[in-house]
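Before any comments, here is the structure.
The values are calculated or read from the model by the stated rules, or taken from the named source; none is laboratory data. In this text the structure is predicted, and so the values were computed from the model without any measurement. Backbone-built Cβ (ideal geometry, glycine too); neighbour counts: all protein chains shown.
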Amino acid sequence: MVLPLAPNAIMARMAQVVLSNVTKAFGDVVVVRDVSLEIADGEFLVLVGPSGCGKSTCLRMIAGLEEITSGSIAIGPRVVNDVPPQDRDIAMVFQNYALYPHMSVYDNLAFGLRLKREPTGKVFPRTRRVYSEPAIRERVDRAARMLGLSEYLQRKPRQLSGGQRQRVALGRAIVREPQVFLMDEPLSNLDAKLRVQTRAELILLHEQLRDAGKSNTMVYVTHDQVEAMTMGDRIAVMKDGLLQQCDTPLNLYRGPANRFVAEFIGSPQMNVFGPLDVVSANGSLQLRRDDLTITLPAEKAARLAGFNGTQVLFGIRPEDIAAPDTSRVAADATNTVPVKVQVREPMGSTVQLQLEAPGGFVVTSVLDADSSAWHGAAFDAVLDLSKCHAFDPASEVALF
Ligand SMILES: Nc1ncnc2c1ncn2[C@@H]1O[C@H](COP(=O)(O)OP(=O)(O)O)[C@@H](O)[C@H]1O
Ligand SMILES: [Mg+2]
């Protein structure tokens, strides 16, 4: 019987990355703590979190540039803990793309392939080039076409714009046809407009690689939650070396696991305030503080069973605080709150408001700019309580 695929063909198709209980300490300082994460073959996974939370360290451990203190990392079917970086079949793209200034774009792209050698002979450590010059040209041309660089192959890096240079840096990774792409804030050096454009190009590139039958698993590090939301199939949120939550962008947005994720994902950020007292009144559950009263809908109240007499933090996104003339949610006495307008920031189609609610709480709301409510000094804000959140005040874990 003949196997339909050679073993290495099977391996080449399985580019998942699995981190199991990975911890990294520098001396006594633990910077990545017990992280477990399964990145599927072909997935675009974004690792996001504030500066210093351990994102780059995670990426560098996957690359083999940093030793793992405990736990294990597998790429495809193989545990790579003891595999040197050059044998892990990964390609890394950094913020500082450091092209060779004296080489043409073509030579910059070809450089890594020309360097790649396989050892021959047992007695003398002689090596042989892996790729012939025609094979290199084919790969460089294909990558250049994908990245729109075909016209620039003979130019030197200084004759390119910042965005084009960053694409050459991506090209250097693509020509290697690695199992896994590792990217550490690759767009940070670009200006805002170019960053948005290159973001879209990267999403497209991820699809093109898949359509071309190439491995396209990507682990992408950024501190920018907008990049994470727009690019990731899934987003892994980190804080202080700990993985907080890993899910699709919409699941993170709608169902954050804790206060940190709730406030980190989304812009302007979720309003989280309190503590509010949990009070049972007239057969329903209310959250109260001074003259602020929020009556919870039944499905939310059910999640706070057993919290009667305690306190919670309350969370609601700016777009879920509306005016009577902009709300898609019916306004009634149980979900309106009288607010005073403190600051108005018209953005064109929307207006961002800073509002003072009862209890002295200051909240942000984003309204349709067509609304007339925000021109006045006060209005009755309509809360979409089907989308509100509550957090345990001590642990800050989400209760709903
Ligand atoms: N080689 C090192 N020696 C000691 N501490 C380090 C080293 N590299 C990183 N760190 C520390 O580890 C923490 C996480 O760093 P890093 O992974 O670069 O964070 P991020 O990429 O999320 O900004 C930081 O506090 C950083 O100072
Ligand atoms: Mg970093």
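Of everything in segment 300-321, what is of a type in the set (D, E, K, R) and either without any contact (Cβ under 8 Å) to a residue 24 or more places away in the chain or in a loop (DSSP other than H, G, I, E, B) (or both)? Give them in sequence order. Show your work before the answer.
Looking only at segment 300-321, we keep the residues that are of a type in the set (D, E, K, R), and these are 300, 303, 317, 319-320.
Passing the criteria: only ARG317.
Of all the criteria given as (1) surrounded by fewer than 20 Cβ atoms within 10 Å (Cβ to Cβ); (2) under 17 Å from ALA398 (Cβ atoms); (3) within 16 Å of ligand 2 (Cβ to nearest atom), the one not satisfied by LEU243 is (1).
Summed over segment 62-119, the residues that are surrounded by fewer than 17 Cβ atoms within 10 Å (Cβ to Cβ), of a type in the set (Lys, Arg) and assigned to a loop (DSSP other than H, G, I, E, B) give a count of 1.
Cβ separations smaller than 9 Å between residues 6+ apart or across chains give the following pairs from segment 51-73 residues that are under 20 Å from GLN179 (Cβ atoms) to residues that are within 9 Å of ligand 2 (Cβ to nearest atom) and of a type in the set (A, V, I, L, M, F, W, C): CYS58/VAL221; LEU59/VAL221; LEU65/LEU59; GLU66/LEU59. Condition check for GLY255 on (1) closer than 25 Å to ARG176 by Cβ; (2) surrounded by fewer than 20 Cβ atoms within 10 Å (Cβ to Cβ): one failure, at (1).
Scanning segment 207-226 for residues that are over 25 Å from GLU396 (Cβ atoms) and either within 16 Å of ligand 2 (Cβ to nearest atom) or among the charged types (D, E, K, R) (or both) yields GLU207, ARG210, ASP211, LYS214, VAL219, TYR220. Of the residues making up segment 30-44, just one is surrounded by fewer than 22 Cβ atoms within 10 Å (Cβ to Cβ) and within 16 Å of ligand 2 (Cβ to nearest atom), namely VAL31.
Name every residue in segment 130-189 that is of a type in the set (Asp, Glu), more than 30 Å from THR120 (Cβ to Cβ) and more than 16 Å from ligand 1 (Cβ to nearest atom), in order of residue number. Let's see the steps before the verdict.
Kept after step one, since they are of a type in the set (Asp, Glu), are these residues of segment 130-189: 133, 138, 141, 151, 177, 184-185.
Filter once more, so that each one left must be more than 30 Å from THR120 (Cβ to Cβ): 151, 184-185.
Selection gives GLU151 alone.
Here the helices (runs of 4 or more DSSP H) wholly within segment 165-281 that include at least 1 residues being touching a Pro at 6+ places or on another chain (Cβ under 9 Å) are 192-211, 225-231, 259-264. For segment 163-194, the set of residues classified as farther than 28 Å from GLY54 by Cβ and among the small types (Gly, Ala, Ser) consists of GLY163, GLY171, listed by residue number.
Among SER327, SER372, which is the only one that is without any contact (Cβ under 8 Å) to a residue 60 or more places away in the chain and surrounded by 20 or more Cβ atoms within 10 Å (Cβ to Cβ)?
Values: SER372 fails: surrounded by 20 or more Cβ atoms within 10 Å (Cβ to Cβ).
So the residue among SER327, SER372 that is without any contact (Cβ under 8 Å) to a residue 60 or more places away in the chain and surrounded by 20 or more Cβ atoms within 10 Å (Cβ to Cβ) is SER327.
Within the group VAL48, VAL29, which residue is over 22 Å from GLU207 (Cα atoms), β-branched (Val, Ile, Thr), assigned by TED's automatic domain parsing to the domain that holds GLY241 and within 10 Å of ligand 1 (Cβ to nearest atom)? If you could, list the steps in order and put the result at the bottom.
Working: VAL48 fails: over 22 Å from GLU207 (Cα atoms).
Just a single option satisfies the conditions, and that option is VAL29.
Within segment 45-71, can you find the residues that are more than 14 Å from the chain's Cα centre (by Cα), among the hydroxyl-bearing types (Ser, Thr, Tyr) and within 9 Å of ligand 2 (Cβ to nearest atom)? Correct list: THR57 only.
Residues in segment 277-299 that are touching a residue at least 40 places away in the same chain (Cβ under 8 Å) and either more than 24 Å from ASP380 (Cβ to Cβ) or in contact with a Phe, Trp or Tyr (Cβ under 6 Å, 6 or more places away or on another chain) (or both): LEU287 alone.
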